[in-house]
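The values are calculated or read from the model by the stated rules, or taken from the named source; none is laboratory data. Given the structure is predicted, the values throughout are model-derived calculations rather than measurements. Because the Cβ atoms are built from the backbone with ideal geometry, glycine has one as well, and the counts that use them run over all protein chains shown.
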Amino acid sequence: MNKDYSWLSGFFRILQQPHKVGLSGNAEPLKSIVFAGILETTASLMIAWLHRQSPALIAENIQMMKPWMKNGQQQQSSTLTSLPFDQALLSTLTTSFVGILAFGFVMWIIHWALTKESKKLYEIAGMVSYGSGVYAIGTVCTGILAFAFGSLRWGPHLGIFMDPSTYPFMFAILARINVFSILSYVLASYAMIGYSNIESRYGLVSSIIVISIVLIWYALFSLIGLSLTS
C-alpha cells in the first residue's frame, strides 16, 4: 500500500517559496499540525535536557523565577533539574499544540479579514504549521548558544542586550524578538496569503500584523506577571 507523504514537503519548500507553498495547498492539514507539534516538542525537550546540565543556566532560571516564587525555592530548583520526563513531555506537547492552534487562529482571522471566505481553522493552522520547522531550528540554535555561553541572554534575539536575572519581564519580551521565530512567522504569513489566493506582496502586511500581535501578547503577559508579583 502506497502512502502519500507529499504534505511533508511543505516544511522544506516553505524556506524557498512560501507563497507557492500556499498556492499548492495542503491535502493533510491535520498531519502537518501533528508533525509540527512533534518538531517543536522534540526541540524544546532537547534544549531543556541540555540546560539541566548547566549549573549556570539553572541558577539563572531560578533567579528569573524569583518574582513568582514567594516560597519553595528548593522545590523550584528541584523542578528545574529533575522534572519527570512524562510531566515534561505532557507540558511541552500541550504548550506546542496550543501555540500552533493559537497562531493558526490569528492567521484564520487575517485570512477571513482579507477574503471574507470561510475556511476551517484546522486548514489554516495546517498550512501555517509549515513554519514550525524554522521555529524548532531556532529553539535548538538559541538553546545551544545559551548553553555554550552559560547564559540565556546569548542567542539570536534582542534579549542579548538585557540581563535576564535583573530584568526578567523585559527579557521575556525581548527574547521573543528572535531571528528564527520572526522568520517562521513571515514564512507562514506568505504561505497563508498564497493559500488565500492573494498576491504575494500582501504577505508583508500579514507578517507585520502577526508579529505585532504576538509581541503585544507576550508584552501583556509579562506586564500581568509584573503586576501580580510587585
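Okay, here's what the table says:
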read-out: So G159, is it under 17 Å from A43 (Cβ atoms) and free of Cβ contacts under 8 Å to residues at least 24 places away in the same chain; value: no
read-out: Number of the condition not met by M170 [criteria: (1) touching a Ser or Thr at 6+ places or on another chain (Cβ under 7 Å); (2) among the hydrophobic types (A, V, I, L, M, F, W, C); (3) more than 29 Å from Q17 (Cα to Cα)]; value: (1)
read-out: Of all residues in region 181-197 being small (G, A, S) and under 21 Å from the mean Cα position of the chain (by Cα), the one that is surrounded by the fewest Cβ atoms within 10 Å (Cβ to Cβ); value: S181
read-out: Flag if G104 is modelled with pLDDT of 90 or more and touching a Leu at 6+ places or on another chain (Cβ under 9 Å); value: yes
read-out: Top-ranked residue of region 198-223 - restricted to ones that are within 18 Å of A188 (Cα to Cα) and loosely packed, with under 13 Cβ neighbours inside 10 Å, ranked as farthest from the chain's Cα centre (by Cα); value: E199
